[in-house]
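Note sheet for the following structure.
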Amino acid sequence: MHGRPRKTLEPADAEALSAKAEKLRSLQSLFLANHHNRIYDKEALEVSAKLLEINPESYTAWNYRKLAVEHCLSRSESNPDSVKSIFDEELKVVESALRQNFKSYGAWHHRKWVLDKGYSSIDNELRLLDRFQKADARNFHAWNYRRFVCALMQRTDEDELNYTEQMIGTNFSNYSAWHNRRPLCISVCRVEANDVDPSGVLLSNLMKRKAEGYFPKEIVLEEEYNHVQNALFTDPDDQSGWFYHLWLIDQTVKSDAPLLVSSWPSPGSTITLDGNKCLHGCGSSPLYCTLLDTGILPVILYFNQAVEGINSSTVTVKSELTINEDLVWKPLSTNKLNTARVWVMYLNLGNVKLQLSKTYPIEISLGHSQGIVSSSGYHYSHPSQISFKLSVQNAYTELPDGKGGKLTLWENKNFQKFEHFQEVDSIISGGQLITGIDHIPTTSNWSAETIDNEINAFRVLLSESDCKIGKLTLARLLTAYDSISSPHAKGMIHAEEILELYADLLKSDPMHSLYYKDERSLVLLQQITSTTESLLQYCYHYRGITETLDGFVCLRLQNLSLSRMGSLENLLWVQMLDLSHNELRSIEGLEAMQLLSRLNLSHNKIGSFTALGPLRLLKSLKVLNISYNEIGSHSIDTARYLCSSPLSHTEEFGWDRFEILNANIDAANIWEAFLIFKSLNLTQLDVTGNAVADENFRSFLVKILPTLKWLDGELP
């Protein structure tokens, strides 16, 4: 276990182990007979006690003793001394089992169960815990039980804080002691803001106390920073303090209550439709005809954390448009939960008669009533209003031949960079809400000063010690500082330094390269999308087969070594996206881009169709390129666990259609593809270069995608 090699047993040890196993089997058989026959006499209880002393992990034996206790209580005739003796005997059995294995889940749970009954004294519990924690100071079972006992004893938080300090002082590497201090800020804000009693440990109650002239969160966090710095500077190579420090950073910069950080359409924008219900941006540069086939206009709300309760009661929509159906908000999430960071509502304009040259104002309001709650229990408490306009220009005209069915090419010659800032500024600014929200509360000066002080301290530490986790912490601190300063500064101040730190970590610590690549990708995308000027460098006109510009604005993020997507709240306006020649293994989060109609994922490291799950939520997607990935190359699909199987009760699989379509293909190899593609209306798909892409599979795709006009660059 834990990397320890197994050793060949000596003959005497092997004989002793065999005898122990034989004794255990005999006791097990006798115990199960008593259990099945519901025998709870003294001899039967002794058998179970002996079994638990040898094998404390026998959950059936612990449950049997609970049944035996209930049986004995029913016959005790309410004699207090008799009742107390029954529970005292259980405590002795537990203690005996813990001497054998003081990390036994069943034993600790049984002891909790006994004390919960209220018949046993708890005076001896802390002394018992001291003995076990001296044997193993990091035993999280004992720490968890200690919190339970302290709650029963109503032991003061100060006493427990002193105890954790003593344990940390004895051994900096005591993860459990650090954790016992952790849920400090979480609880106080939650309790004060929403009167919710969350799960927490020690410092939660201290945070509730007011200090004259100061916020309690600031006082306690400052003390905790000083405390953990002593540990880190004493022993920089010990990881336990670093994990606690990471948690402190999170508590310093994060907003507990949910906030609306982005939307589409954005406040003040104008969405222009031509007679074909073709969608344009708020400027003169047109976006693609997202509404061309469906007549549906998505309205997207993007929060800083997952929320629930987005519905017609908590979000109101006012408009002159006559829409003959209820407006339903849906969470954009692939996990089947009712909480999500991104919510969408579809305005069906297909049957709405819109007058030419008339502007229709639409107003969306939220936060004016209770009901929107984060997954951590906080209410959305910032009344917000998003107003935009919808207008129609030009009468209906016949579409050019092949419109919507032309082959999309992704070669460099098909793209032309914008020469003037004004050409694309209206589109980008119309799709971003970062500069359009005026209700986001700014982070306190204290938070920025605290992070800045930590940055300076860790620069000193790294000048004295080449510590990998110190570099990682500095990168996190710089990222946190830039996120705090973003409303007041143009772009990321420390982006280049952060990227350099991750580059150093990739060289010095290749074992954790995937994590560093993910973090680097998030920082790089944050840098690219932080300002309109930086984003403009990646925006191109798309030029199709003809020499004329097709009107597309393509965001080209290819060849950036991206392994993870991020900053999607700034990209809700994008309709054509090139992510080719990166290192993406997942496209998690892409479901937020509801306007996306053309997507290039070629030359990445996507290993399965289940990794493409977010595509199922993109109603506007017409063109998809997933060529030259690793789909079908891996014998074990690790992403499969993220996607419901066809046997899942939550998945509408459509067995009849599946069985008709998969006549010549092994069902086990294509049901993921069926789940992904069955709900899409693609006109162009490229799958060449993947191990799965043989002729049988291409035939399957043609059957499942009746709208397909191009497959691997050819007519199907």
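The values are calculated or read from the model by the stated rules, or taken from the named source; none is laboratory data. Not measured: the values here are computed from a predicted model. Here the Cβ positions follow ideal geometry from the backbone for every residue, glycine too, while neighbour counts run over all protein chains shown. Keep in mind that these areas ignore ligands, DNA and RNA; they rest on the heavy atoms of the full protein, side chains included. Shrake-Rupley method; radii C 1.70, N 1.55, O 1.52, S 1.80 Å.
Is it true that residue 560 is surrounded by 23 or more Cβ atoms within 10 Å (Cβ to Cβ), more than 24 Å from residue 266 (Cβ to Cβ) and among the aliphatic types (A, V, I, L, M)? In short, no.
So is residue 346 aromatic (Phe, Trp, Tyr), under 19 Å from the mean Cα position of the chain (by Cα) and modelled with pLDDT of 65 or more or not? Answer is no for this residue. Quick one: would you say residue 581 is open to solvent by 50 Å² or more (accessible area, probe 1.4 Å) and not in a helix (DSSP H, G or I)? Here the answer is yes, as residue 581 does meet what is asked.
Taken over the stretch 272-319, the criterion of being at pLDDT 55 or above, in a strand (DSSP E or B) and more than 24 Å from the chain's Cα centre (by Cα) is satisfied by 272, 273, 296, 297, 315, 316, 317, 318, 319.
Within the set of pairs 6+ apart or on separate chains, which have a first residue in the stretch 598-624 that is within 13 Å of residue 680 (Cα to Cα), a second that is surrounded by 21 or more Cβ atoms within 10 Å (Cβ to Cβ) and small (Gly, Ala, Ser), and C-beta atoms under 7 Å apart? Pairs found: 620/597; 621/597; 622/597; 623/597.
Comparison of 17, 73 shows that the only residue that is under 48 Å from the mean Cα position of the chain (by Cα), open to solvent by less than 70 Å² (accessible area, probe 1.4 Å) and in the same structural domain as residue 94 (by TED's automatic domain parsing) is 73.
Assessment of the stretch 548-569 against the conditions (part of a helix (DSSP H, G or I) and closer than 20 Å to residue 341 by Cβ) yields at least one matching residue.
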